[in-house]
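The values are calculated or read from the model by the stated rules, or taken from the named source; none is laboratory data. Remember, predicted model here, so these are calculated numbers, not experimental data. In this analysis, Cβ positions are derived from the backbone assuming ideal geometry, glycine residues included, and neighbour counts consider all displayed protein chains. Note: accessible area is taken over every heavy atom of the protein model, side chains too, but ligands, DNA and RNA are not part of it. Shrake-Rupley method; radii C 1.70, N 1.55, O 1.52, S 1.80 Å.
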Amino acid sequence: MNAPLASLYPAHLATLRARADQALAPGGFDHLLIAASTPLGKFLDDQDYPFVANPHFKHWLPLTDAPGSWIAYTPGSKPKLVFVQPRDYWHVVPEAPHGYWVEHFDIVTVRSAAEAAAQLPQGRSAVLAPACPAIDGVTVNNPQAVLDYLHWHRSYKTPYELALMREANRIGARAHRAAEAAFHAGRSEFGIHMMYLAAARQIDAELPYASIVALNEHGAVLHYTHFDRTPPAEHRSFLIDAGASCAGYASDITRTYAAAGHGEFQALVASMDAAQQGFAAQVRTGQSYPELHLRAHHVLAGVLREHGFIRMSAESAVESGVTSAFFPHGLGHPIGLQVHDVAGFQQSERGGSIPRPAGHPYLRMTRVLEPGMVVTIEPGLYFIDMLLAELRDKSVAADIDWAKVDAFRQYGGIRIEDDVVCTEGEPENLTRDAFARAQAPL
């Protein structure tokens, strides 16, 4: 993989430098300073939480484990990396920078965060860093106008970034295959998760988000991260929402499976899969993401009617809020350096916000799709006791087959999610392509 990355990286860096030039100029900034950041300490303890690099830092170079380091960029000059390589026998010291990208930076190696700060240029700087913990010798300002410009343009992935996201999906698909096999072998949620990690060759702290591994009714908990250690008496269904990382870029993948002998639920999964692929096919230039989300509600109303859960029309199911009880979250979100990536609501490179449609408070993107954007498409259909109880009290309850609904509560729910690139033509489904190339279950 290094050969294509080496050929793609120079153009990626040139793009970032041009964006930085444009972001700095209106505010009269002389420099852009980006902190890798440092780990947060645990309260009343001498240990730290796992280190997570500043996404702005990872955007410029594939260093995900360089706490205390800095990127310093001055328009017209070669970017500088101030790399912290401490003298330390308690921890593994970060390797000296190497690889296809190092020739594009002036690299200075120091032994502490304080020494790193002393290497930063003087002048009026836009400093992108967490405000906490404080950094001695540096005033963090995170200028909003600079952030707005950089976040807006971060929505458009370079070919280099797409190559890394393809690899993140390839790793994720391989691990999902292993998790599927573990489910069919009757393992516990914890056991399935261990198989996922082994196949991904990543530990929990390296994954882009906490995995959701839900058997049976646990699939109705949208962010279920409990991990039962004991297998259930019967495996009926399996929902897994888990991703992988590659050089700081994320994949976000969800699949739902039915156990053998549960044909009705399998048929519902198949209908949801067909609907999801239809939505993914609409990730095209000019498509309003909120309109796609609203269209998804109408399609899922048709699925509910086809499988006998409701007797009302699709229009009535959407307008009355019935579909929101079964599909209470958004259709998806931007993805890239962060799982829920920036600028999903942004109006322009100068900031502003595009509101969500009324009645859909959990939608995470309201922009119109353009080439280079990568979004997730993740419709869901769940049997959530709290929401179903609220639905029973509404007048539309008479048009719902409650016996059918109750029979499906044992399965929890269904979610299917792919990462999809908007292009000039046909969308590129990173996740489906990765599954097509994945080897048989491990």
> Out of all the residues in segment 32-52, which are closer than 21 Å to GLY123 by Cβ and either out of contact with any helix residue (DSSP H, G or I) (no Cβ under 8 Å at 6 or more places or on another chain) or at pLDDT below 95 (or both)?
Replying inline: LEU33
>> Return the residues of segment 289-348 that are open to solvent by 30 Å² or more (accessible area, probe 1.4 Å), outside any loop (DSSP other than H, G, I, E, B) and of a type in the set (A, V, I, L, M, F, W, C); say none if nothing qualifies.
In response: LEU294, VAL299, VAL318
>> Take the residues in segment 26-57 that are touching a residue at least 24 places away in the same chain (Cβ under 8 Å) and surrounded by fewer than 12 Cβ atoms within 10 Å (Cβ to Cβ); name whichever of them is farthest from ALA205 (Cα to Cα).
In response: GLY28
>> I'd like the full set of residues that are within 23 Å of THR285 (Cα to Cα) and not in a loop (DSSP other than H, G, I, E, B), limited to segment 360-385.
In response: VAL368, VAL374, VAL375, THR376, ILE377
> Can you name the residue in segment 368-393 that is out of contact with any strand residue (DSSP E or B) (no Cβ under 9 Å at 6 or more places or on another chain) and more than 23 Å from ILE212 (Cα to Cα) and is also least open to solvent (accessible area, probe 1.4 Å) among such residues?
Replying inline: ALA389
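Being within 19 Å of SER316 (Cα to Cα) and touching a Ser or Thr at 6+ places or on another chain (Cβ under 7 Å) is the requirement here; does VAL396 meet it? Break it down stepwise before answering.
Numbers: within 19 Å of SER316 (Cα to Cα): yes; touching a Ser or Thr at 6+ places or on another chain (Cβ under 7 Å): yes.
Yes; evaluated as a whole, the condition is true for this residue.
Only residues that are among the aliphatic types (A, V, I, L, M) and under 21 Å from SER7 (Cα atoms): list them for segment 67-118, please.
Let us first name the residues in segment 67-118 that are among the aliphatic types (A, V, I, L, M), namely 71-72, 81-82, 84, 92-93, 96, 102, 107-108, 110, 113-114, 116-118.
Matches in segment 67-118: LEU81, VAL102, ILE107.
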>> Restricting to segment 149-168, give me the number of residues that are open to solvent by 40 Å² or more (accessible area, probe 1.4 Å) and over 17 Å from ALA11 (Cα atoms).
In response: 1
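Out of curiosity, is ARG187 open to solvent by 40 Å² or more (accessible area, probe 1.4 Å) and either without any contact (Cβ under 8 Å) to a residue 40 or more places away in the chain or assigned to a helix (DSSP H, G or I) (or both)?
Values: open to solvent by 40 Å² or more (accessible area, probe 1.4 Å): yes; either without any contact (Cβ under 8 Å) to a residue 40 or more places away in the chain or assigned to a helix (DSSP H, G or I) (or both): no.
It is false that ARG187 is open to solvent by 40 Å² or more (accessible area, probe 1.4 Å) and either without any contact (Cβ under 8 Å) to a residue 40 or more places away in the chain or assigned to a helix (DSSP H, G or I) (or both).
From ILE240, ILE171, which residue is open to solvent by less than 40 Å² (accessible area, probe 1.4 Å), aliphatic (A, V, I, L, M), farther than 20 Å from PRO328 by Cα and out of contact with any Pro (no Cβ under 6 Å at 6 or more places or on another chain)?
Of the residues listed, the single one that is open to solvent by less than 40 Å² (accessible area, probe 1.4 Å), aliphatic (A, V, I, L, M), farther than 20 Å from PRO328 by Cα and out of contact with any Pro (no Cβ under 6 Å at 6 or more places or on another chain) is ILE171.
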> Do we find a residue being assigned to a loop (DSSP other than H, G, I, E, B), out of contact with any Asp or Glu (no Cβ under 9 Å at 6 or more places or on another chain) and closer than 30 Å to ALA23 by Cα anywhere in segment 427-439?
Replying inline: yes
>> Considering only residues that are at pLDDT below 90 and aliphatic (A, V, I, L, M), which ones fall in segment 118-137?
In response: ALA131, ALA134, ILE135
> Only one of (1) among the aromatic types (Phe, Trp, Tyr); (2) over 28 Å from HIS56 (Cα atoms); (3) in contact with a Gly (Cβ under 9 Å, 6 or more places away or on another chain) is not met by TRP402, so which one is it?
Replying inline: (3)
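Do you know which residues across segment 332-353 are within 26 Å of SER251 (Cβ to Cβ) and either charged (D, E, K, R) or touching a Phe, Trp or Tyr at 6+ places or on another chain (Cβ under 7 Å) (or both)? Spell out how you get there, then give the answer.
Let us first name the residues in segment 332-353 that are within 26 Å of SER251 (Cβ to Cβ), namely 332-346.
Correct list: GLY336, LEU337, VAL339, ASP341, ALA343, GLN346.
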